[in-house]
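Report on the structure given below.
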Amino acid sequence: MSDGFTPELISRCGINCRTCVGYFGYRLDGQRQAPCGGCLTREKFCGFVKDYCKKHADKDKIRYCSECEDFPCENFRKIDEYYSGKYGVSLIENFNHIKSKGMEDFLRSERARWKCAACGGVVCVHTKRCYTCKP
Ligand SMILES: [Zn+2]
């Protein structure tokens, strides 16, 4: 059975939705919510990029922001800076990894990076909690 580390859960901007607080069924403020199926399943909620991205209309042609001719655009660099600073994950580094070693290798490293030492579950990138053993 899949543990959810799949290309489908890598968002357009390179976030691993598998480790997102929303995927675990929580909001950032700790409230429960219906679990999110990942950014690709709810495109209109792409809060980071869409509103600023002139290329977003070409989304059928561009799977990842890294495929865009403007990558990394100013807006993307801002997002990367924010995400790196707040959560310790660089989306540009994610794409560099995918580009140099391939998606499968990236997913393998993600699986290892976010594995809960206590129970083997998945640690959340946003809250650094494991919702399997510390719900
Ligand atoms: Zn755990």
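Per-residue Cβ neighbour counts within 10 Å put 29, 70, 80 in the sequence 29, 70, 80, beginning with the fewest. What shape does region 71-135 have by the C-alpha gyration tensor, where a ≥ b ≥ c are the square roots of the eigenvalues, rounded means a/c under 1.5, and otherwise prolate means a/b greater than b/c and oblate the rest? Verdict is oblate for region 71-135.
Between region 27-43 and region 69-127, the alpha-carbon centres lie 18 Å apart. For residue 130, nonlocal amide neighbours, meaning residues 5 or more places apart or on other chains whose placed amide H falls under 5 Å from its own, are 124.
We did not get these values from a lab; they are worked out from the coordinates using the rules stated. Keep in mind that this is a model prediction, so the values were computed, not measured. Counting neighbours? That spans all protein chains shown, and the Cβs are built from the backbone with ideal geometry, glycine included.
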